[in-house]
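Working notes for the structure below.
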Amino acid sequence: MKRTWKTGGQPAAGRRPTPDVALWPTLVLACVAQFMVILDVSVVNVALPSIRGALGFAEQDLQWVVNAYTVTFAGFLLLGGRAADLLGRRRVFVGGLLLFSLASLVGGFADSQGMLIAARAAQGLGAAVVSPASLSILTTTFREGAERNRALGAWGAMGGAGGSAGVLLGGVLTEALSWRWILFINVPIGLAAAALSLRFVAPGRSPVRARNFDLAGAVTATLGVMALVWAIVRTDVNGWGSPQTLGVMAVGVALIGVFLAIEGRLATAPLMPLRIFSSRVLSAANATMFLLGAAMFGMWFFSSLYLQQVLGYSPLQAGLAFLPMTLMIIIGSTLASRAVSRLGVRPLLVGGMLAETAGLVLFATVSPGGTYLGDVLAPSLIVAAGIGLSFVPITIAAVSGVSHGEAGLASGIVNTSRLMGGGLGLAILATLATSRTHGDLRVGAALHGALTDGFQLAFAVGAGFAFAGAVVALLALRRSGSRPVGQAHGEVLASEPSL
């Protein structure tokens, strides 16, 4: 990372920037931004009881403190990633950080349910811009090969650790200060990152393509994805077979169909050129990321519930219990970023997904009278190691082999895959767990035993998601050459060498 580039102007196509400014500030800013927006997916979970008491939420409405963020985050990712390519990565990145910070400030001062939910939705919009822009900045700033792999390893570690760290930070802030500080803390961090980005991040803009923004594609894709996510997160209230769920899903699928027609036949400068999916590597990476999200989101959710509802942990204790997992994700990501140039994407990704499978199988053995050391620590560390090993190769595969002008698009697609997988997977697991628990209670089982039975089923099905991801990676990322991805500078995945 000692090589330096000048960031004061945009280099000509095919040329590298002129040496002047150190690269490490760009890496730090991208990683801090990614950590912040992923952390906010889970940071409110342990604070929900406090929020309910302060603002008078009904139980069935409280979920929208979380879902307002998730729905807008997932729905606008494609649009945010493409905007970074067309309007300028630094401009979009800074704008997203400012929106995220302002929304966090408003949410912290919220004195009504509607105000808080609207602020969380605005946060999600800012996150949908920041996340793909940060990955696009790294992809186009660092040379392909070992240098980029190290940068993406750090970025992947922040994204992977953000979810588990959110539970920890949420518990600490809620008990030490108040639930409002889980939002206030974003403000100084976001503003500082935005200010420093103006100094250290290159503009990265395609002026010609910026004049041909695919508005029709952007609207249909965003509304279609949002409709699908909305239907998924409401299944715990409406059920999977209800007219509300099926109707909204049908609308979402129809809008996605219109979007594909626009991209394939009508748009002169499509938001998402369908040819991008001709890369087997990119398609396989997104399928694996979808399954990783399905397993990972459920694991965080149900392990947190087990700690609090069965073992009786306070929010702070539950948060601290996730600290070893957070550290293990960072360690695994660091090791993966160093090993991927030597071993390639496929061995690390398959190994990581199998480790997650093993950890979730162990989680499925938790007991009503269990302990943290006996039931939680070992499986959480195994799952965390697998997440760390998986995130880096998935990220590298998803953004390699696309042009610099489409790096934001690839970033938006892989982030959408993770959130869609997480939303769908969590909805499925929550439905199964709740059904099992209610069934046990109806036949007279004790509460802790019924809850644990539901959690066991959720962990077991989550293990199935992770194993399916390992199978996809093993079969789709097959070897077709002699050297691992990213081993040499300039190696492009369009030709898809050895993985």
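The values are calculated or read from the model by the stated rules, or taken from the named source; none is laboratory data. Keep in mind that what you see is a predicted model, and the values were worked out from it rather than measured. Reconstructed Cβ throughout: ideal geometry from the backbone, glycine too, with neighbour counts over all protein chains shown.
Scanning the range 140-163 turns up no residue that is at pLDDT 80 or above and of a type in the set (A, V, I, L, M). Within the range 96-117, the set of residues being touching a Phe, Trp or Tyr at 6+ places or on another chain (Cβ under 9 Å), surrounded by fewer than 24 Cβ atoms within 10 Å (Cβ to Cβ) and not β-branched (Val, Ile, Thr) comprises LEU105, GLY108, PHE109, GLN113, MET115.
This table checks each residue for (1) more than 21 Å from the chain's Cα centre (by Cα); (2) assigned to a helix (DSSP H, G or I); (3) hydrophobic (A, V, I, L, M, F, W, C).
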residue: MET328; (1), (2), (3): no, yes, yes
residue: ALA336; (1), (2), (3): no, yes, yes
residue: ALA339; (1), (2), (3): yes, yes, yes
residue: GLY351; (1), (2), (3): no, yes, no
residue: GLY359; (1), (2), (3): no, yes, no
residue: THR365; (1), (2), (3): yes, no, no
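I need the full set of residues from the range 310-324 which are among the aliphatic types (A, V, I, L, M), part of a helix (DSSP H, G or I) and touching a residue at least 60 places away in the same chain (Cβ under 8 Å), in order please. Across the range 310-324, the qualifying residues are VAL310, LEU316, ALA318, LEU320, LEU323.
ARG275 falls short of the stated requirement of being among the basic types (Lys, Arg) and not assigned by TED's automatic domain parsing to the domain that holds GLY75.
Filter the range 428-447 down to the residues that are touching a residue at least 60 places away in the same chain (Cβ under 8 Å), among the aliphatic types (A, V, I, L, M) and in a helix (DSSP H, G or I) and list them by number.
So the first thing to find is which residues in the range 428-447 are touching a residue at least 60 places away in the same chain (Cβ under 8 Å), and the list is 428-431, 433-434, 446.
Checking which are among the aliphatic types (A, V, I, L, M) leaves us with 428-430, 433, 446.
ILE428, LEU429, ALA430, ALA433, listed by residue number.
Quick one: which residue in VAL383, VAL361 is under 21 Å from ALA463 (Cβ atoms) and surrounded by fewer than 24 Cβ atoms within 10 Å (Cβ to Cβ)? Going through VAL383, VAL361 in turn, just one is under 21 Å from ALA463 (Cβ atoms) and surrounded by fewer than 24 Cβ atoms within 10 Å (Cβ to Cβ): VAL361.
crowded, with 24+ Cβ neighbours inside 10 Å and in contact (Cβ under 8 Å) with a residue 24 or more places away in the chain, is that true of ARG120? Before the answer, list the steps.
Values: crowded, with 24+ Cβ neighbours inside 10 Å: yes; in contact (Cβ under 8 Å) with a residue 24 or more places away in the chain: yes.
Yes.
Residues are listed down the side, and each one gets a yes or a no for (1) at pLDDT 80 or above; (2) surrounded by fewer than 24 Cβ atoms within 10 Å (Cβ to Cβ); (3) β-branched (Val, Ile, Thr):
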{"residue": "TYR306", "(1), (2), (3)": "yes, no, no"}
{"residue": "GLY312", "(1), (2), (3)": "yes, yes, no"}
{"residue": "SER337", "(1), (2), (3)": "no, no, no"}
{"residue": "GLY369", "(1), (2), (3)": "yes, yes, no"}
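Mind checking whether some residue in the range 104-124 is under 14 Å from the mean Cα position of the chain (by Cα) and under 23 Å from PHE391 (Cα atoms)? Yes, the range 104-124 has at least one match.
Might you let me know whether the range 257-266 holds any residue that is of a type in the set (Phe, Trp, Tyr), under 29 Å from THR235 (Cβ atoms) and either in contact with a Gly (Cβ under 9 Å, 6 or more places away or on another chain) or at pLDDT 80 or above (or both)?
Keep residues of the range 257-266 that are of a type in the set (Phe, Trp, Tyr), which gives 259.
From the residues that got through so far, the ones that are under 29 Å from THR235 (Cβ atoms) too are 259.
Now restrict to residues that are either in contact with a Gly (Cβ under 9 Å, 6 or more places away or on another chain) or at pLDDT 80 or above (or both): 259.
Within the range 257-266, one or more residues are of a type in the set (Phe, Trp, Tyr), under 29 Å from THR235 (Cβ atoms) and either in contact with a Gly (Cβ under 9 Å, 6 or more places away or on another chain) or at pLDDT 80 or above (or both).
Could you check, for the range 448-469, whether at least one of its residues is modelled with pLDDT under 85 and either part of a loop (DSSP other than H, G, I, E, B) or touching a helix residue (DSSP H, G or I) at 6+ places or on another chain (Cβ under 9 Å) (or both)? Full working, then the answer.
Just the residues of the range 448-469 that are modelled with pLDDT under 85, to begin with: none.
The answer is no; no qualifying residue exists.
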